[in-house]
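The structure appears below as C-alpha cells.
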Amino acid sequence: MSELQKALDYANQNRGRFLNELIEVLKIPSISTDAEFKDDVLRTAEWMASYLKQLGMENVAVMPTEGGHPVVYADYIKKLGAPIVLVYGHYDVQPPDPLELWETGPFEPEVRGDLLYGRGSSDMKGQVLATFHAIESVMKSGETPVNLKFLLEGEEEIGSKNLEPFIKKYAEKFKADVSLNPDAGMIGIGMPTVTYGLRGLAYLEINVWGPKADLHSGLYGGAVHNPAQALAELIAKMHDEKGRITLPGFYDSVRPLSDQERADFARLPNDDTSYLEGTGVPALWGEEGYTSA
C-alpha cells in the first residue's frame with residue numbers, strides 16, 4: 001500500500017475526531033473587528049498553538065503584533081535539502097450579524113446532512129484544521145516530504161493591517177520556498193480544487209475639488225461641473241464597453257493563459273449557465289469568452 005493511500009485511510013478512520021476538533025474551535029467567537037472579543041481572539045490563537053504542539057510541530061509561539069492580534073508560528077524542519085512550505089491561515093472570523101438569519105447560533109456548530117454550519121467553518125478555521133489533519137495523516141503514514149512553517153494570523157477579516165510590518169520584522173523567520181494558502185473554496189461538492197491564482201486588490205483614494213461652497217443647480221447647473229458627476233465619470237471610464245480595464249499599464253505584467261490552462265479551465269463546470277444560475281442575473285457582462293477563458 002502506498003503512503004498516499006495510508007494517509008487517506010488514516011484520514012477516513014479519524015474523520016469523527018477531526019470533525020469534533022473543528023467543532024471545538026468553531027465555538028470560540030474570534031471576531032477580530034470587535035474589541036469586545038479580543039480575549040476570544042487570543043484564546044483561539046492559543047488553541048491553534050496548542051494543536052500544533054500536539055501535532056508534533058516545533059518552536060511553536062504566539063507572537064504579538066504591534067497593537068493588533070497575535071500571529072501563531074510553528075515549524076517542522078526535519079528533511080535536509082527539501083523545500084520549506086509556509087502554511088498560511090487566519091483564525092479570526094467575520095461578525096455573525098444579522099443574527100436573525102441564522103437557523104442555529106453562529107458559534108453553536110451544527111451538522112445538517114453532509115454540511116457543518118457555524119461561523120468560520122469555511123472561512124477559514126475549516127481550511128486550517130483540514131490542513132492540520134492532512135499533515136497529521138501524512139506524518140502517521142510515512143515520511144513528511146517537505147519542511148513546514150506556519151503563519152496563522154488573527155486580522156485577515158480587518159485587512160491584515162499589522163501583518164506587513166510583522167513579516168518585515170521577522171522576514172528571516174518566515175523565509176520559505178513556497179507558500180500554501182488554503183483560504184479558498186471548491187468548485188463544488190465532490191470536486192477537490194487546487195487554486196493557484198487569485199484576483200488581487202488595488203486600493204485607491206481619489207480627491208475631487210470643486211467650488212468653494214455648495215452651489216444651487218438652478219443657478220449654476222451646466223455652467224459648473226458637479227464634482228460628484230466628475231467622480232462618477234472618472235470611475236466609469238476605468239472600464240471600456242467590453243469590461244476591459246483602461247488604466248495605462250494595467251495589463252503589462254499579466255501573463256497570457258497557455259493552451260493547457262485553457263483546456264484545464266474548460267473541464268470545470270463554471271460556464272455561462274452556472275454563473276447565471278448562481279447569481280440570478282438575466283445576463284452576463286464583459287468581454288466575450290471572459291468567463292470560460
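Think of the chain as having a plus end and a minus end, set by charges on the Cβ of Lys, Arg, Asp and Glu; of 248, 194, 99, 194 sits farthest toward the positive end of this dipole. For region 126-170, the tally of Lys pairs with Cα-Cα distances below 20 Å comes to 4, considering only residues 8 or more apart or on different chains. Per residue, region 165-293 exposes an accessible area of 87 Å² to a 1.4 Å probe, with every protein chain left in place. In region 4-78, Cα pairs under 8 Å separated by at least six residues give a relative contact order of 20 percent. Dipole magnitude for region 149-293: computed about the Cα centre from +1 point charges on Lys and Arg Cβ and -1 point charges on Asp and Glu Cβ, it is near 500 debye. Taking 0.36 nm per residue of sequence separation and removing the Cα-Cα distance, the residue 122/residue 94 pair yields an extension gain of 9.0 nm. Partner aspartates and glutamates whose Cα lies under 20 Å from the Cα of residue 38, excluding those fewer than 8 positions away in the same chain, are identified as 24, 46, 66, 92, 97, 108, 123, 153, 155, 156, 157. Label separation (residue 170 vs residue 196): 3.0 nm, computed from points 7 Å beyond Cα along the C-beta direction. Taking all protein chains in place and a 1.4 Å probe, what share, in percent, of the accessible surface of the chain do carbon and sulfur account for? Roughly 55 percent of what the probe reaches on the chain is carbon or sulfur. Normalised by the number of residues in the chain, the average gap of Cα pairs under 8 Å and 6 or more apart makes the relative contact order 18 percent. Dipole of region 1-61 computed with +1 at Lys/Arg Cβ and -1 at Asp/Glu Cβ about the Cα centre; of 7, 26, 37, farthest Cα towards the positive end is 7. Apply 1/(1 + (r/R0)^6) to the Cβ-Cβ distance of residue 17 and residue 262, taking R0 = 51 Å, and write down the FRET efficiency to the nearest 0.05. With a Förster radius of 51 Å, E is 0.75. Hey, with R₀ at 30 Å, roughly what FRET efficiency would residue 273 and residue 245 work out to, going by the Cβ-Cβ distance, to 0.05? The formula returns an efficiency of 0.70 here. Size descriptor for the chain, Kirkwood hydrodynamic radius: 23.0 Å (Cα pairs only, one decimal). Computed about the Cα centre, the dipole magnitude for the chain is approximately 840 debye when only Lys and Arg (+1) and Asp and Glu (-1) carry charge, each at its Cβ.
A dipole drawn for the chain from +1 and -1 charges on Cβ atoms has a positive end, and of 217, 117, 133 the residue lying farthest that way is 133. Given R0 = 22 Å, the distance between the Cβ atoms of residue 80 and residue 179 translates into a calculated FRET efficiency of 0.55. When the helices of the chain are scored as -39500 (n - 2.57) per DSSP H run of n ≥ 4 and the total is divided over every residue, the value at 222 nm lands at -9500 deg cm²/dmol.
The values are calculated or read from the model by the stated rules, or taken from the named source; none is laboratory data. Nothing here was measured: the structure is a model prediction, and the numbers come from that model. Glycine also receives a Cβ, built like all others from the backbone with ideal geometry; neighbour counts cover every protein chain displayed. What goes into the accessible areas is simple: the full protein's heavy atoms, side chains included, and nothing from ligands, DNA or RNA. Shrake-Rupley method; radii C 1.70, N 1.55, O 1.52, S 1.80 Å.
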